[in-house]
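Working notes, beginning with the structure itself.
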Amino acid sequence: MPTNEPMFRKFTGVFRTLLRVSFVDEALSRVPQPLRGLLFRHRELIKFAIVGGTTFVIDSVIFYTLKLTVLEEKPVTAKIIAGVVAVICSYVLNREWSFRNRGGRERAHEAFLFFFISGIGVVLSFIPLWISSYVFNLRVPEVSLTTENIADFVSAYIIGNLLQMIFRFYCFRKFVFPEEMTPEIHEAEPAGRLERP
């Protein structure tokens, strides 16, 4: 039986190469000074936000697919499932791209802390949804389906994700990826780029 291992290695190699090519650094190098320096200093946060946006799409698609089909009566369960899948994607993207110049921990310890902190973040993200659904009772038949979906979106995705994003970024930098291994600014800013008009 033929194995797919060479194809898998090729795919992961291409994936890692794409993550190493930083379109953020390329885009930031085109921003005029003095804003460029400020953005370069905070590019880790920008990358974290891009990963967050990507996992937001993953989370939203899974949540609404489940909520509008098999878990129609259980929106919190749908949100937890969607959140867990998004967290797994988030670990890979943050480890290989956002915080690739940070470390200081063994991979297993780092992964444990990442998932533990992300688990707390998932809880933070569904607390506003739980309050909206079961404290304020914004569920059909008490309200229209449109009102329910708007309330679910605002509580789970705007309030919940904002809470978890702030919490996770702080904790990832402080506990999961605590040490900066190489100065990213020198890697991303070739000398010729800074002098561009």
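The values are calculated or read from the model by the stated rules, or taken from the named source; none is laboratory data. Everything numeric in this text was worked out from a predicted model, so none of it was measured. Because the Cβ atoms are built from the backbone with ideal geometry, glycine has one as well, and the counts that use them run over all protein chains shown.
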- request: Could you list all residues from region 61-79 that are in a helix (DSSP H, G or I) and at pLDDT 90 or above?
  value: Val61, Ile62, Phe63, Tyr64, Thr65, Leu66, Lys67, Thr77, Ala78
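Please enumerate the residues belonging to region 66-97 that are among the hydrophobic types (A, V, I, L, M, F, W, C) and under 20 Å from Lys47 (Cα atoms). Spell out the reasoning first.
So in region 66-97, the residues among the hydrophobic types (A, V, I, L, M, F, W, C) come out as 66, 68, 70-71, 76, 78, 80-82, 84-89, 92-93, 97.
Across region 66-97, the qualifying residues are Val85, Ala86, Val87, Ile88, Cys89, Val92, Leu93, Trp97.
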task: Answer yes if at least one residue in region 70-83 is surrounded by fewer than 19 Cβ atoms within 10 Å (Cβ to Cβ) and within 30 Å of Asp25 (Cα to Cα), and no otherwise.
output: no
- prompt: Within the set of pairs 6 or more residues apart or between chains, which connect a residue that is without any contact (Cβ under 8 Å) to a residue 60 or more places away in the chain and surrounded by 14 or more Cβ atoms within 10 Å (Cβ to Cβ) inside region 106-124 to a residue that is in a helix (DSSP H, G or I) and among the basic types (Lys, Arg) with Cβ atoms less than 8 Å apart?
  reply: Ile117/Arg168; Ser118/Arg168; Gly121/Arg168
- request: Please enumerate the residues belonging to region 100-128 that are among the charged types (D, E, K, R) and touching a strand residue (DSSP E or B) at 6+ places or on another chain (Cβ under 6 Å).
  value: Arg102
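Yes/no matrix, rows are residues, columns are (1) in contact with a Lys or Arg (Cβ under 6 Å, 6 or more places away or on another chain); (2) at pLDDT below 85; (3) not small (Gly, Ala, Ser):
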| position | (1), (2), (3) |
| --- | --- |
| Phe40 | no, yes, yes |
| Ile58 | no, no, yes |
| Ile81 | no, no, yes |
| Tyr91 | no, no, yes |
| Gly104 | no, yes, no |
task: Could you please give the count of residues in region 174-197 that are buried (at least 17 other Cβ atoms within 10 Å of the Cβ), part of a helix (DSSP H, G or I) and at pLDDT 50 or above?
output: 1
